């Protein structure tokens, strides 16, 4: 099980990389052994990293909690807006879950 500071640092890194690279979407796609992280930049999805499978629950829960939602409640309660601050400026993302190959993908779409 991953420690909370490690998960928080990883989530912050994913968000800051997305903002720095002007990504419009972040996709976390669970696979058998890991979670593939994709950033959509200029309408092209690019794999930017992988997260060990054992961290999936904690990482997903961190994103959902940042959006003020409950990870374990199914349906619309798991969809929300996440706001983070980078260089003193707020950046907002719409958080949703999409059907995936094995489990649900977590998707963050940057809002204007």
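Where the second residue is assigned to a helix (DSSP H, G or I) and surrounded by 15 or more Cβ atoms within 10 Å (Cβ to Cβ) and the first is without any contact (Cβ under 8 Å) to a residue 40 or more places away in the chain and at negative phi and lies in the range 14-27, which pairs have Cβ atoms under 9 Å and are six or more apart or on separate chains? What qualifies is 14/59; 14/63.
Residues in the range 1-15 that are over 22 Å from residue 87 (Cβ atoms) and either at pLDDT 95 or above or in a helix (DSSP H, G or I) (or both): how many? The number of residues fulfilling the criteria is 4. For residue 32, the criteria (1) exposed (fewer than 12 other Cβ atoms within 10 Å of the Cβ); (2) part of a strand (DSSP E or B) hold in every case but one, which is (2).
Of all residues in the range 29-60, those being within 23 Å of residue 111 (Cβ to Cβ), touching a helix residue (DSSP H, G or I) at 6+ places or on another chain (Cβ under 7 Å) and in contact (Cβ under 8 Å) with a residue 40 or more places away in the chain number 1. Among the residues here, residue 18 does not qualify as assigned to a loop (DSSP other than H, G, I, E, B), modelled with pLDDT of 90 or more, closer than 14 Å to residue 107 by Cβ and in contact with a strand residue (DSSP E or B) (Cβ under 7 Å, 6 or more places away or on another chain).
The values are calculated or read from the model by the stated rules, or taken from the named source; none is laboratory data. Nothing here was measured: the structure is a model prediction, and the numbers come from that model. Note that each Cβ is placed from the backbone with ideal geometry, even for glycine, and that neighbours are counted across all protein chains shown.
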